[in-house]
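Following: one structure in structure tokens, then a few remarks.
Derivation of every value follows stated rules applied to the coordinates shown; laboratory data play no part. Source: prediction; values computed, not measured. A quick note on method: Cβ atoms are made from the backbone with ideal geometry, for glycine too, and the neighbour counts reach across all protein chains shown.
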Amino acid sequence: MIQGQKIKNEIEKIGETLIKDDNYKNYPDLVCDQRKGIIPRGLLYEYGERDLSGTGSVIVGLNPGQSKKDEREYFKKAFKEHRLKYQTHVDFWNGKYRNWKYHNRLRSVSDRLGLKGPILWTELVKCESKKQGQLRVQTVRDDIHKYLLKEISCIPESWPLIAAGDKAYEILSYSFPNRLVVGVPHPTGTRGNHWTNHINIRKIKKLKRVIRRGKPIAIHTKDIE
């Protein structure tokens, strides 16, 4: 429990810096404008309904998708009223996106793998791209070193890193050679049956054995026969 609280505190410190980081506007492939409600986002520590004594996981996407109108209006108002804080982002996610398909599918994977502890939701790059999924190598490189390395350093080594999508999997595998990295198809970029085939019982059993061994390898569901 102490460990869990410590992780929460450290992630919140990083989140407070992230939410006000307007340096993202200097990257040609990103969109960041706090006045318009387009902010760095995606860093969330889910613990309230999780088993705090259990092994957790880190679920990593490439970067946030394009923000929706209601989301932009919410953060635009918060910025205008001088109350744009990390908790503002957390509150919005809990009320609006916690049960979005992206989170539900990936949370289900974590649970089925026996990872019932807290989940750190994060992204390789914390701001939305001008063109969906298109990021410069330097942008990814800078962001990983600025935020993700710090985030992962707060997390126990026994917690696997679950990559959402092939790009995230490849980058995580190269960036964290001392961690177990599990790759799965992006949950909103695949049709239901295709997703189910990749996360079937046989593959889950294989991954659970890999997790129990605890070796720092990279393994993707598409490579499991």
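Based solely on its DSSP helices, what 222 nm [θ] is calculated for the chain when runs of n ≥ 4 H residues each add -39,500 (n - 2.57) and the sum is averaged over all residues, nearest 500 deg cm²/dmol? So the helix-based figure for the chain works out to -12000 deg cm²/dmol. The alpha carbons of region 67-184 stretch over 43, 34, 26 Å along the principal axes, in descending order. Loop-located GluC sites (Glu not before Pro) in region 1-84 (DSSP state other than H, G, I, E, B) with a sparse environment of at most 10 neighbouring Cβ atoms within 10 Å: Glu49, Glu81.
For the pair region 152-211 / region 43-103, the C-alpha centres are spaced 21 Å from each other.
Whole-percent P(r), the chain, all Cα pairs, 10 Å bins from 0: 8, 34, 38, 17, 3, 0. Axis angle, to the nearest 10 degrees, between helix 201-213 and the longest C-alpha principal axis of the chain: 90 degrees. On a 0 to 90 degree scale, rounded to 10, what angle separates helix 2-19 from the longest Cα axis of the chain? So the helix axis and the longest Cα principal axis differ by about 40 degrees. If you take all other residues with their beta carbon under 10 Å from the beta carbon of Gln34, and give Lys and Arg +1 and Asp and Glu -1, the sum is +3.
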